[in-house]
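Below is one structure, written out as structure tokens; the observations come after it.
The values are calculated or read from the model by the stated rules, or taken from the named source; none is laboratory data. Since we're looking at a predicted model, the values are computed, not measured. Here Cβ is always computed from backbone atoms with ideal geometry, including for glycine, and neighbour counts include all displayed protein chains. Surface areas here come from the heavy atoms of the whole protein model, side chains and all, with no ligands, DNA or RNA. Shrake-Rupley method; radii C 1.70, N 1.55, O 1.52, S 1.80 Å.
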Amino acid sequence: MSSKKMEDSLVGLQNNMQNYALMLTANKDSARDLCQETILKALGNFDKYYDNVNFKGWVFTIMHNIFVNNYRQALRQKTILDHTDNLLLLNLPQNSAFNNSESDYAYSEIIEAIHSLDEQYKTPFSMHFSGYRYLEIAEMMELPVGTVKSRIFFARKRLQEILIDYK
């Protein structure tokens, strides 16, 4: 596909892209930004597109990936890590519902429950809760991804047992 043909195809997809972006973001301004970012990324990766690939699907995959990456980045920016002896234990963001006086007791119980977990479960659970992906956790802890997933699963199960009153 030539560069001119790709540009024309992107122009033809603009309404569809805008609708999909609006569905993802639920905000007109964010949707416009997402569309612009998608178009720039598609044009920048022109050399990676093959003619036998569904162009619309390729563009929408780019858009979806940008949206997910932006969401994860925003989530990480809101996360504050606790640098006490128990590294990587999440402190909730400032706008959290746990920041009111009525829930101080519940918050302290939840933190206590997390602290009560064995270190092998606490660290991957805290990292996952902080927004890290399984693969990132596995690389940082030098463990197989399956081990990380199972440890997070068992940590959740144990916390559900400990915090049964909060269901």
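The lone criterion from (1) at pLDDT 85 or above; (2) in a helix (DSSP H, G or I); (3) open to solvent by 40 Å² or more (accessible area, probe 1.4 Å) left unmet by Phe125 is number (3).
When you go through Asp29, Asp33 one by one, which is the residue that is at pLDDT 85 or above, under 17 Å from Tyr71 (Cβ atoms) and surrounded by 12 or more Cβ atoms within 10 Å (Cβ to Cβ)? Of the residues listed, the single one that is at pLDDT 85 or above, under 17 Å from Tyr71 (Cβ atoms) and surrounded by 12 or more Cβ atoms within 10 Å (Cβ to Cβ) is Asp33.
Residues that are outside any helix (DSSP H, G or I), at pLDDT below 90 and open to solvent by less than 90 Å² (accessible area, probe 1.4 Å) are absent from segment 58-78 altogether.
With respect to the conditions (1) in a helix (DSSP H, G or I); (2) out of contact with any Phe, Trp or Tyr (no Cβ under 7 Å at 6 or more places or on another chain); (3) modelled with pLDDT under 80, Tyr107 lacks only one, and its number is (2).
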